[in-house]
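The structure under discussion appears below in the form of C-alpha cells.
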Amino acid sequence: MSRCWAWPVRARHSRQTELKAGSKIEKPEKTPIGVIGVGWVGLVTAACFAELGHPVFARDVVEEKVASLSRGELTIYEPGLAEMIERNAERLEFTTDIELVLGRAQLLFVCVDTPPTYSGDADLSRVRSVVADLPADSDHVLVMKSTVPAGTGETIRRDLPDMAYVSCPEFLKEGTAIEDFLNPDRVVVGATAEDADAAEAVAELYRPLGGEIVMTDTSSAEMIKLASNAYLATRISFINEIANVCDEVGADVGEVARGMGLDERIGPHFLRPGIGFGGSCFPKDVNALKLLAGNSGYHFQLLNSVIEVNELQKRRVVSKLSRHLGSLVGKRVALLGLAFKPETDDMREASSLVLSARLRGEGADVVAFDPVAMEKARTLLPGVEMKDTALKALENSDAAVLVTEWPEFREIDWAGAAATMRRPLVIDGRNYLDADQMRGAGLTYEGIGRPGVGTETE
C-alpha cells in the first residue's frame, strides 16, 4: 500500500505550520519547494522552480554563501542565472535554518555535493548530514537530486522509515543548465511502491515542461544517472582514440565522425575529439560506477580504459608541441581557456590543470587567459601567468594551445596575433578554429586527429 500524501503541506506537526519571523513568502502560489544545498545544482534548481511560480526555500550551512545569495550576489557563473534569481527574488528565500524549510515545504530537494573520496567512492557525508537534520517521524518527502550510488535510497529509507524517498537525478549541463531544466529530454523519478504517491507528486512538478517522465524503482533511477554519464564519457574517449589513429594514418577525424554520426544507430552527439573531458560529473561518475561495480564483485574493464584514455589525452598536446618546438625548456606557451568547458567558471578536472602542470614540468613558461575562470584558476595554477586578454597571452609566445572553445577565440585577429608571437604555432585542442583561416593568417595550425589540415609546411 502506498502512503497518502496531501499537497500542499498538511498541519501534522506544529513546526510545519509556524510562520517564521521575517520570512518574506506568506501566500504560496504553487506547491512550496525546499532545496537543501545551494551549490551549482541547488541554485539552478531553486531558481528554475521559482521561475515556474513555486515559492522556494533554499537552505545551505555556509553562512557567507547564504548572505551573498540573499543580497543577490551569485557564488557561481551560469548564463542567465543571475537574471533569473533577480526576477524571482520575491519567491526565493535563502536561509541557514532547516526548521524554516521544514515548516514551509513538504517536498525537500537534496542538492548537496557528493565528491569522490581518495578511494574513488562517492563521499556521502553531506547527504548523511542532511538526513541527520531531518525528524524521523516527518511527513516530508526527501527528493534526491544529488548523484549517489545505487542502493543509497534503500539505506536512507531505513534511517527515515516514516519519510517518503524519491530519486530524481539531475541531468543539467554547465553552461546550458537553465535550458536543460526548463526543456528536459526526460525526467527520471524513482521510488518504491510504498512511496508511489510521493513519486507522482514529484512527477507532476515536471509534467508542464514536456520531457518524458520515466517512472521506475529507486535503484534503477540512481543507476540511470551514473550509466548515462559513463556512456557519454565512453563516446568521448572512443572518438579521442579514433582521432589519435587518424593522426597516425593521415585521416581527418572530422570527416570520420561526420560519416559515423549519419548512421541513425550512432548519431552525431559526443563525437567531437579533444584533449579530454573534465568537470564535476563525467570523471566523478565514471569512477563512481567503476567502484560501485567493483564493490559489488564485478570488474568493469571498459571504464578502466575510458579513464586511462582520458588522462592520456590531456597529455598528447605536449608531444605535439615538442614535435614542432623541440625541447620546451624556456619556451613560452599560451593557454587559451582554462575552464573545463565554455560558459562556466568550473575548473574541476579541467584539462588545463594537467596540461599546465605537464608543460611546466617540461620547463616551459606558461601564460593563460580565460574570459570567466581566471579568478578560480589563479589558486589552482601556481606559476602560471594570467593575462587580461587573449592577445596579451599570445604576445611573445612560442605556441598557443586552445584548451576551451570560448566563442570569442574565433574572433581574435589572428593575423595580428601571429605578428606578435615569437613563433606563430597554434595547437587547437578542440578542433574549434577554422584551419584554412588560420593558415591564411600566417599560422602553423594543428588540430586533434586532423594531420595536414590547415598546417603550414615547416
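Regarding Val426, is this residue of a type in the set (Val, Ile, Thr) and either at pLDDT 95 or above or in a helix (DSSP H, G or I) (or both)?
yes
Sort out which residues of the range 140-156 are surrounded by fewer than 19 Cβ atoms within 10 Å (Cβ to Cβ) and either in contact (Cβ under 8 Å) with a residue 40 or more places away in the chain or touching a Pro at 6+ places or on another chain (Cβ under 6 Å) (or both), and write them in order of number.
If the condition is that a residue be surrounded by fewer than 19 Cβ atoms within 10 Å (Cβ to Cβ) and either in contact (Cβ under 8 Å) with a residue 40 or more places away in the chain or touching a Pro at 6+ places or on another chain (Cβ under 6 Å) (or both), then Gly151, Glu154 are the ones that fit.
Identify all residues within the range 418-434 that are among the small types (Gly, Ala, Ser) and under 32 Å from the mean Cα position of the chain (by Cα); write none if there are none.
If the condition is that a residue be among the small types (Gly, Ala, Ser) and under 32 Å from the mean Cα position of the chain (by Cα), then Gly429 is the only one that fits.
Return the residue satisfying two criteria in turn: it lies in the range 369-383 and is farther than 20 Å from Met438 by Cβ and among the hydrophobic types (A, V, I, L, M, F, W, C), and of such residues it is surrounded by the fewest Cβ atoms within 10 Å (Cβ to Cβ).
Leu380
Looking at the range 272-280, is at least one residue among the hydroxyl-bearing types (Ser, Thr, Tyr) and surrounded by fewer than 17 Cβ atoms within 10 Å (Cβ to Cβ)?
Scanning the range 272-280, I find no residue that is among the hydroxyl-bearing types (Ser, Thr, Tyr) and surrounded by fewer than 17 Cβ atoms within 10 Å (Cβ to Cβ), so the answer is no.
Looking at the range 208-221, is at least one residue touching a residue at least 12 places away in the same chain (Cβ under 8 Å), surrounded by fewer than 23 Cβ atoms within 10 Å (Cβ to Cβ), part of a loop (DSSP other than H, G, I, E, B) and at negative phi?
yes
When you check Lys314 against the structure, is it basic (Lys, Arg), outside the structural domain of Pro79 (by TED's automatic domain parsing), within 17 Å of Val401 (Cα to Cα) and at pLDDT below 95, yes or no?
When the stated conditions are applied, Lys314 passes them.
What is the residue count in the range 336-350 for residues that are buried (at least 24 other Cβ atoms within 10 Å of the Cβ), out of contact with any Phe, Trp or Tyr (no Cβ under 7 Å at 6 or more places or on another chain) and either of a type in the set (Lys, Arg) or under 14 Å from Pro283 (Cα atoms) (or both)?
Residues meeting the conditions: 1.
Can you spot a residue in the range 75-91 that is at pLDDT 95 or above and touching a Pro at 6+ places or on another chain (Cβ under 8 Å)?
yes
Answer yes if at least one residue in the range 85-105 is under 22 Å from the mean Cα position of the chain (by Cα) and free of Cβ contacts under 8 Å to residues at least 60 places away in the same chain, and no otherwise.
The answer is yes; a qualifying residue exists.
Within the range 257-306, how many residues are touching a residue at least 40 places away in the same chain (Cβ under 8 Å) and not acidic (Asp, Glu)?
25
Go through the range 384-411 and report how many residues are within 23 Å of Gly449 (Cβ to Cβ), of a type outside the set (Gly, Ala, Ser) and buried (at least 21 other Cβ atoms within 10 Å of the Cβ).
Qualifying residue count, the range 384-411: 6.
Please go through the range 318-353 and give me each residue that is under 21 Å from Arg235 (Cβ atoms), assigned to a helix (DSSP H, G or I) and not small (Gly, Ala, Ser), ordered by number.
Residues satisfying the conditions do not exist here.
When you check Ile224 against the structure, is it farther than 30 Å from Ala203 by Cβ and either touching a Ser or Thr at 6+ places or on another chain (Cβ under 9 Å) or assigned by TED's automatic domain parsing to the domain that holds Ser352 (or both), yes or no?
Answer is no for this residue.
Matching residues to (1) within 25 Å of Gly39 (Cα to Cα); (2) touching a Cys at 6+ places or on another chain (Cβ under 6 Å); (3) outside the structural domain of Lys320 (by TED's automatic domain parsing); (4) assigned to a loop (DSSP other than H, G, I, E, B):
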residue	(1), (2), (3), (4)
Ala257	no, no, yes, no
Met260	no, no, yes, no
Glu264	no, no, yes, yes
Gly267	no, no, yes, yes
Phe270	no, no, yes, yes
Ile275	no, no, yes, yes
Asn287	yes, no, no, no
Lys290	no, no, no, no
Ala293	no, no, no, no
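I'd like the full set of residues that are β-branched (Val, Ile, Thr) and within 17 Å of the chain's Cα centre (by Cα), limited to the range 210-233.
Result: Ile224, single match.
Please go through the range 176-191 and give me each residue that is assigned to a helix (DSSP H, G or I), surrounded by 19 or more Cβ atoms within 10 Å (Cβ to Cβ) and among the aliphatic types (A, V, I, L, M), ordered by number.
Once the filter is applied, which keeps residues that are assigned to a helix (DSSP H, G or I), surrounded by 19 or more Cβ atoms within 10 Å (Cβ to Cβ) and among the aliphatic types (A, V, I, L, M), the range 176-191 yields Ala177, Ile178.
The values are calculated or read from the model by the stated rules, or taken from the named source; none is laboratory data. Note that the structure is a prediction, hence the values are computed from the model and not measured. Positions of Cβ are backbone-derived with ideal geometry, glycine not excepted, and every protein chain shown enters the neighbour counts.
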